[in-house]
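Colleague: Dumping the structure here so I can ask a few things about it.
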């Protein structure tokens, strides 16, 4: 019997590569833990299942699905023909991330799913959406303090915007080598918002403030709803052209929803397109998290590094600072309006639609069971989506090549 | 340790201010839209309220003890409102009687 063939079969199997680097089995365990959190604990399952499975596929030895080395270096110097010739399935799909296509399409879906009515009914909510971007700039400074380069610090800071597509969009432009840990941190903390925000909200507000019952917002006419996305696009893109892809797609999706003559397009954007892009985006972003990735001088520049730990910690701080910013401005509005605004809706300014608004509702109802803050919190919540896109546009203008 | 300097602090302050500035501009845009567009819109939606019994949007719906009259309220929203009220009152829905649910103009 020719044992050499059996030996060849063994050498071709993934088992040989499994323990070449300790990072590989650790990454497989992390992927399985994330799958557990997504499936059993239901932490952002629509995204986390794809991210975790992408991570699993990319870390299985010799799977040849993802070759991060093909994407290394300056985005302008990437050899796209080489990717098409040598790349695996995930390399090809990853082009949509690399070229900033998927985050914009996701934003179109978000726009089609978002009702800006509560924001238009109470436009002062926009201030709360702006205040809740505090974490972006706080984390930016902290990242600089920890030794990150300014472009990397800007990408880390945007985690505080609590908006996954925006974080991915900015990171692919400014620090593509950090995409894996930043995306994981952004989406993980978005899932953990019900745990992160309530203690901060409770600590910063008094029982009297939490008890405030807000009056019903006024109705918004159909014509206002139609003109709003058009006017917002013109205004924001004139001020910050760098954010045109994100805001343009967000508002196009919203126009599909509101204009009343594109019901089919709105339906496709909200459902089919959104789901397809989510699959591609989540799987390929997860696949960028490769445990061992040799750098140019042979050192590990993969997911399991000290930088990842720093990013995870900074992401948590960014979320916390953003919550603090929103609640503090909520308290200011409470004072200015003579107690008509419940400061708890300020925390919803951290994007993360609609999770953050639900948290405002839950904490408010704990203080006063007959209080319904959900619709009031949706205003700051959707303002946060616009606010984080504006913050990303500013950082891109400052640090983009 | 770190790369913090005066320039990075300035970038943070300007960046945060720009977010506020842009969103305040949006506030102004919404205010202008309200003035320009909703003047005519308000008269259009306020008209049916003067004659509720003639309201063409009135739809009888079942779901409580007796019939409910819905004025410009979709069934789904009405069901939500009834469920919330029942939950608040700690009473079974079929023991509560809702007379009508009207959209506030």
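Colleague: Go through the range A:339-363 and give me each residue that's farther than 14 Å from residue A:321 by Cα and not in a helix (DSSP H, G or I).
Modeller: A:339, A:340, A:341, A:342, A:352, A:353, A:354
Colleague: I've got another one for you. I'd like the full set of residues that are more than 10 Å from every other protein chain (Cβ to nearest Cβ) and more than 19 Å from the chain's Cα centre (by Cα), limited to the range A:94-116.
Modeller: A:115
Colleague: Sticking with this one: Answer with yes or no whether residue A:172 is in a helix (DSSP H, G or I), surrounded by 21 or more Cβ atoms within 10 Å (Cβ to Cβ) and within 14 Å of another protein chain (Cβ to nearest Cβ).
Modeller: Judged against the criteria, residue A:172 is not a match.
Okay, residues lined up against (1) without any contact (Cβ under 8 Å) to a residue 24 or more places away in the chain; (2) surrounded by 17 or more Cβ atoms within 10 Å (Cβ to Cβ); (3) more than 30 Å from residue A:219 (Cα to Cα):
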residue: A:9; (1), (2), (3): yes, no, yes
residue: A:40; (1), (2), (3): yes, no, yes
residue: A:83; (1), (2), (3): yes, yes, yes
residue: A:91; (1), (2), (3): no, yes, yes
residue: A:94; (1), (2), (3): no, yes, yes
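Colleague: Out of A:274, A:214, I need the residue that is surrounded by fewer than 22 Cβ atoms within 10 Å (Cβ to Cβ), away from every other protein chain (no Cβ under 14 Å) and part of a loop (DSSP other than H, G, I, E, B). Which one?
Modeller: When all the criteria are applied, what remains is A:214.
Colleague: Right, here's the next one. Can you pull out every residue in the range A:11-38 that is exposed (fewer than 15 other Cβ atoms within 10 Å of the Cβ) and in a loop (DSSP other than H, G, I, E, B)?
Modeller: A:13, A:19, A:20, A:22
Colleague: Something else: Could you tell me how many of the residues in the range A:279-315 are surrounded by fewer than 19 Cβ atoms within 10 Å (Cβ to Cβ) and either at positive phi or in a helix (DSSP H, G or I) (or both)?
Modeller: 9
Colleague: Going by what's in this entry, would residue B:4 be described as facing chain A (nearest Cβ under 9 Å), at pLDDT 75 or above and surrounded by 14 or more Cβ atoms within 10 Å (Cβ to Cβ)?
Modeller: Judged against the criteria, residue B:4 is a match.
Colleague: Shifting gears a bit: Filter the range A:153-162 for residues that are more than 16 Å from residue A:387 (Cα to Cα) and within 10 Å of chain B (Cβ to nearest Cβ) and give the result.
Modeller: A:153
Colleague: Taking residue A:148, is it assigned to a loop (DSSP other than H, G, I, E, B), within 29 Å of residue A:309 (Cβ to Cβ) and in contact with a helix residue (DSSP H, G or I) (Cβ under 7 Å, 6 or more places away or on another chain)?
Modeller: Answer is yes for this residue.
Colleague: What number of residues within the range B:32-43 satisfy the criterion of being facing another protein chain (nearest Cβ under 7 Å), over 17 Å from the mean Cα position of the chain (by Cα) and either modelled with pLDDT under 70 or within 22 Å of residue A:239 (Cβ to Cβ) (or both)?
Modeller: Count: 1.
Colleague: Give all pairs with beta carbons closer than 6 Å in which a residue from the range B:67-92 that is over 14 Å from residue A:372 (Cβ atoms) meets a residue that is at pLDDT 80 or above and in a helix (DSSP H, G or I); count only pairs at least 6 apart in sequence or on separate chains.
Modeller: Listed pairs, sorted by first residue: B:70/B:78.
Colleague: Here's another thing I want to ask about it. Identify the residue in the range A:117-145 that is over 20 Å from residue A:186 (Cα atoms) and not in a helix (DSSP H, G or I) and, among all such residues, is farthest from the other protein chains (Cβ to nearest Cβ).
Modeller: A:122
Colleague: So is residue A:47 touching a residue at least 24 places away in the same chain (Cβ under 8 Å), in contact with a helix residue (DSSP H, G or I) (Cβ under 8 Å, 6 or more places away or on another chain) and surrounded by 15 or more Cβ atoms within 10 Å (Cβ to Cβ) or not?
Modeller: Criteria met by residue A:47.
Colleague: Further question: Quickly run through the range A:367-383 and pick out the residues that are more than 10 Å from chain B (Cβ to nearest Cβ) and in a helix (DSSP H, G or I).
Modeller: Matches in the range A:367-383: A:367, A:374, A:375, A:376, A:377, A:378, A:379, A:380, A:381, A:382.
Colleague: Failed condition for residue A:219, given (1) within 13 Å of chain B (Cβ to nearest Cβ); (2) under 30 Å from residue A:272 (Cα atoms), with all others met?
Modeller: Of everything listed in (1) within 13 Å of chain B (Cβ to nearest Cβ); (2) under 30 Å from residue A:272 (Cα atoms), residue A:219 misses just condition (2).
Colleague: Follow-up question, since we're still on this one. Which condition does residue A:191 not pass, out of (1) over 18 Å from residue A:326 (Cβ atoms); (2) at pLDDT below 95; (3) within 14 Å of another protein chain (Cβ to nearest Cβ), if it passes all the others?
Modeller: (3)
Colleague: Residues in the range A:193-211 that are under 25 Å from residue A:319 (Cβ atoms) and not in a helix (DSSP H, G or I): how many?
Modeller: 2
Colleague: Looking only at the range A:230-254, which residues are crowded, with 22+ Cβ neighbours inside 10 Å and more than 11 Å from chain B (Cβ to nearest Cβ)?
Modeller: The answer is A:246, A:249, A:250, A:251, A:253, A:254.
Colleague: A follow-up question, please. Residues to consider are B:101, B:77; find the one that is in contact with a helix residue (DSSP H, G or I) (Cβ under 7 Å, 6 or more places away or on another chain), at pLDDT 80 or above and more than 11 Å from every other protein chain (Cβ to nearest Cβ).
Modeller: Just a single option satisfies the conditions, and that option is B:101.
Colleague: Let me ask something else about it. What do you reckon, is residue A:69 surrounded by fewer than 17 Cβ atoms within 10 Å (Cβ to Cβ) and either modelled with pLDDT of 85 or more or over 24 Å from residue A:276 (Cβ atoms) (or both)?
Modeller: Considered against the rule, which asks whether it is surrounded by fewer than 17 Cβ atoms within 10 Å (Cβ to Cβ) and either modelled with pLDDT of 85 or more or over 24 Å from residue A:276 (Cβ atoms) (or both), residue A:69 comes out as yes.
The values are calculated or read from the model by the stated rules, or taken from the named source; none is laboratory data. Predicted model only: the values in this text are computed from it and were never measured. Positions of Cβ are backbone-derived with ideal geometry, glycine not excepted, and every protein chain shown enters the neighbour counts.
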